[in-house]
Amino acid sequence: GAVVSQHPSWVICKSGTSVKIECRSLDFQATTMFWYRQFPKQSLMLMATSNEGSKATYEQGVEKDKFLINHASLTLSTLTVTSAHPEDSSFYICSAETGESPLHFGNGTRLTVT
Amino acid sequence: GENVEQHPSTLSVQEGDSAVIKCTYSDSASNYFPWYKQELGKGPQLIIDIRSNVGEKKDQRIAVTLNKTAKHFSLHITETQPEDSAVYFCAARWAGNQFYFGTGTSLTVIP
């Protein structure tokens, strides 16, 4: 149980375009979803926390107009990288929890902006 | 906020030996401590966790110990196998708060 599905697993896009990443909790209702960014050989950097039906809370330094997060249901959250640039290339990982721990992660999305 | 430090950053062991990874945390309110294993190109996978009302937890070859007084917790892997090679992250949180992650330990098990 406690499976989090993230799609796509990798995506290549051109500079200036937008990319949407989906995160679904398959067998549980996620009250909270977290979005992380991970640079090579580094730890997880929290970008934002989203609760179903409310606006996401962004960490300091994360541009909310660039990284749009929608958490429309208890099983789905999306991250849209708008007007992507090469510096947005990274590994993005979502995670979900029911509020009682533990935290379950998706398999990540490798974004490459050319 | 919470600050989690993790050591060592890299660890190499011979197959069959034990591996120990240590983490310290700063916020005494933290009460939940999970460990994650991340293989290359994949998301972290929970391997074991412990809550603050427990001092030790074991699951086959994996164990976690917690010392609340000293604010540190450790991951112990016995009889290591090549498939244990991965990056391991510790984390700490208190209820309702975000998870704070350590900087990761790259474990290599040499056949």
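The values are calculated or read from the model by the stated rules, or taken from the named source; none is laboratory data. Predicted model, so just to flag it, every value in this text is computed and none were measured. Neighbour counts run over all protein chains shown; Cβ positions are idealised from the backbone, glycine included. Side chains included, ligands, DNA and RNA excluded: accessible areas come from the protein's heavy atoms. Shrake-Rupley method; radii C 1.70, N 1.55, O 1.52, S 1.80 Å.
On average, how many beta carbons from a partner chain sit within 10 Å of the beta carbon of a residue in A:88-95?
Values: counts 0, 0, 0, 3, 1, 4, 1, 4.
Whole-number average of other-chain Cβ neighbours for A:88-95 is 2.
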Work out the length of the dipole vector of region B:41-81 about its Cα centre, built from +1 on the beta-carbon of each Lys and Arg and -1 on the beta-carbon of each Asp and Glu, and round it to the nearest 20 debye.
-> 140
In debye to the nearest 20, the charge dipole size for chain B, taken about the Cα centre with +1 at each Lys and Arg Cβ and -1 at each Asp and Glu Cβ, equals 360
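Could you work out the relative contact order of chain A, using alpha carbon pairs under 8 angstrom and six or more residues apart, expressed as a whole percent?
Values: 298 pairs, mean separation 42.8, N = 114.
Once divided by the residue count of chain A, the mean separation gives 38 percent.
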Would you work out the charge dipole size for region A:1-85 about its Cα centre, treating the Cβ of every Lys and Arg as +1 and the Cβ of every Asp and Glu as -1, and quote it to the nearest 20 debye?
-> 240
Considering only protein heavy atoms, what per residue accessible area in square angstrom results for region A:1-104 with a 1.4 angstrom probe?
-> 50
Please list, or write none, the aspartates and glutamates whose alpha carbon is within less than 16 Å of the alpha carbon of B:K42, excluding same-chain residues fewer than 8 places away.
-> A:E22, B:E83, B:D84
Report, largest value first, the span of the C-alpha coordinates of chain A along each principal axis, in whole Å.
-> 39, 25, 22
Among B:Q45, B:T65, B:T108, the residue whose Cα sits farthest towards the positive end of the charge dipole of chain B (+1 at Cβ of Lys and Arg, -1 at Cβ of Asp and Glu, taken about the Cα centre) is B:T65
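Considering Cα pairs under 8 angstrom that are at least six residues apart, work out the relative contact order of region B:1-91 and quote it in whole percent.
On the way: 178 pairs, mean separation 31.2, N = 91.
Across region B:1-91, relative contact order equals 34 percent.
Over all directions, average the projected area of the Cα convex hull of the protein assembly as shown and note it in nm².
Working: hull surface 48.6 nm².
The Cα convex hull of the protein assembly as shown, projected and averaged over all directions, gives 12.2 nm².
Give the percent of DSSP beta bridges with both residues in chain A that are antiparallel, rounded to the nearest 5.
Numbers: 36 of 40 bridges.
The antiparallel proportion sits near 90 percent.
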Phi-derived 3J(HN,Hα) across region B:63-80 with the Karplus relation (6.51, -1.76, 1.60, θ = phi - 60°), rounded Hz, x for Gly and Pro, is 9, 10, 10, 10, 10, 5, 5, 8, 6, 9, 9, 9, 9, 10, 10, 9, 6, 4
Check the straight Cα-Cα distances from B:K22 and name the lysines below 19 Å, setting aside those fewer than 8 residues away within the same chain.
-> A:K41, B:K37, B:K57, B:K58, B:K68, B:K71
Average partner coverage of A:103-110, which counts Cβ from other chains inside 10 Å = 5
Can you list the HN-Hα couplings for region A:15-20, worked out from phi with the Karplus curve (6.51, -1.76, 1.60; θ = phi - 60°), rounded to whole Hz and with x for Gly and Pro?
-> 4, x, 8, 10, 10, 10
Roughly how big is the A-B contact, given as buried accessible area in Å² (both sides, 1.4 Å probe, nearest 100)?
-> 1400
At each listed q (0.12, 0.29 Å⁻¹), what is the log10 of I(q)/I(0) that the Debye formula gives for region B:1-72 modelled as equal alpha-carbon point scatterers?
-> -0.37, -1.49
Take the solvent-accessible surface of the protein heavy atoms, probe 1.4 Å, and return the percent of it on chain A that carbon and sulfur atoms account for.
-> 51
Residue-count net charge about A:C13 - beta-carbon cut-off 12 Å; Lys, Arg +1, Asp, Glu -1 | +2
